[in-house]
Ligand SMILES: [Zn+2]
């Protein structure tokens, strides 16, 4: 699945039908910004909008996901490819997210255990220092691994233009965040905002 190709195809069919972005958006009760986002390859239509969009454009969902009109002889093959792409992407993202949470939990437990041992058990001072340094190294490695897994699970959505993007690791680490949102700069419109993390399309 190539979202840039799908975007170009949406624009092409819309123009063939003599519709403006605004008219297509009105027919679907969405903003013309969203249509522009699709057409420039910055996001796929939400699953709930795919059928109404295809209805308005007179194409099939299979054509939409393939990014061209699929010939009858190719139809089933393309449909299966498109379906597998969607399922696989969502499954992989869920797996990465779950791994990230597990990784974070193991890190917290390990660091707490090491700290308690370093603080409570009788041992030479040098061993105590070594254990604390080790606990800090475990914390850094664990948080790093959890972050790498999370940043690769799905996309962040820009609150200004609606683009979906994967942030650079540096921006991700520096960004102030809550549980579901993170302050990031959108690579498409250049604005900074609290971007929602989306695991699935
Ligand atoms: Zn943006």
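The values are calculated or read from the model by the stated rules, or taken from the named source; none is laboratory data. This structure is a prediction, so every number in the text was calculated from the model and none was measured. No Cβ is skipped: glycine too gets one built from the backbone with ideal geometry, and neighbour counts run over all protein chains shown.
Worth pointing out:
Residues are listed down the side, and each one gets a yes or a no for (1) under 23 Å from residue 158 (Cα atoms); (2) more than 20 Å from the chain's Cα centre (by Cα):
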| position | (1), (2) |
| --- | --- |
| 1 | yes, no |
| 5 | yes, no |
| 11 | yes, yes |
| 31 | yes, yes |
| 34 | yes, no |
| 41 | yes, no |
| 44 | yes, no |
| 54 | no, yes |
| 61 | no, yes |
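- Residue count for region 5-62 satisfying the condition of being buried (at least 18 other Cβ atoms within 10 Å of the Cβ), farther than 22 Å from residue 198 by Cα and touching a residue at least 40 places away in the same chain (Cβ under 8 Å): 6.
- Restricting attention to region 151-161, the residues that are away from the ligand (no atom under 14 Å from the Cβ), at negative phi and buried (at least 20 other Cβ atoms within 10 Å of the Cβ) add up to 2.
- Hey, residue 111 in a helix (DSSP H, G or I), closer than 30 Å to residue 37 by Cβ and in contact (Cβ under 8 Å) with a residue 12 or more places away in the chain or not: no
- Cross-chain or 6+ apart pairs with Cβ under 7 Å, region 154-167 first and more than 12 Å from residue 44 (Cβ to Cβ), then more than 6 Å from the ligand (Cβ to nearest atom) and in a loop (DSSP other than H, G, I, E, B): 154/199; 154/200; 156/167; 165/187
- Residues in region 144-160 that are assigned to a loop (DSSP other than H, G, I, E, B) and at pLDDT below 85: 152, 153, 154.
- Residue 189 vs. criteria more than 13 Å from the chain's Cα centre (by Cα), at pLDDT 85 or above and closer than 29 Å to residue 47 by Cα: yes
- Applying the criterion of being within 26 Å of residue 87 (Cα to Cα) and assigned to a loop (DSSP other than H, G, I, E, B) to the residues of region 162-194, the residue that is farthest from the ligand (Cβ to nearest atom) is 179.
- Any hit, region 72-95, residues being in contact with a helix residue (DSSP H, G or I) (Cβ under 9 Å, 6 or more places away or on another chain), exposed (fewer than 15 other Cβ atoms within 10 Å of the Cβ) and not in a helix (DSSP H, G or I): yes
- Selection status of residue 15, at pLDDT 90 or above, farther than 30 Å from residue 150 by Cβ and out of contact with any helix residue (DSSP H, G or I) (no Cβ under 7 Å at 6 or more places or on another chain): yes
- Annotation note: of 141, 145, 130, the sole residue that is over 33 Å from the mean Cα position of the chain (by Cα), more than 16 Å from the ligand (Cβ to nearest atom) and outside the structural domain of residue 192 (by TED's automatic domain parsing) is 130.
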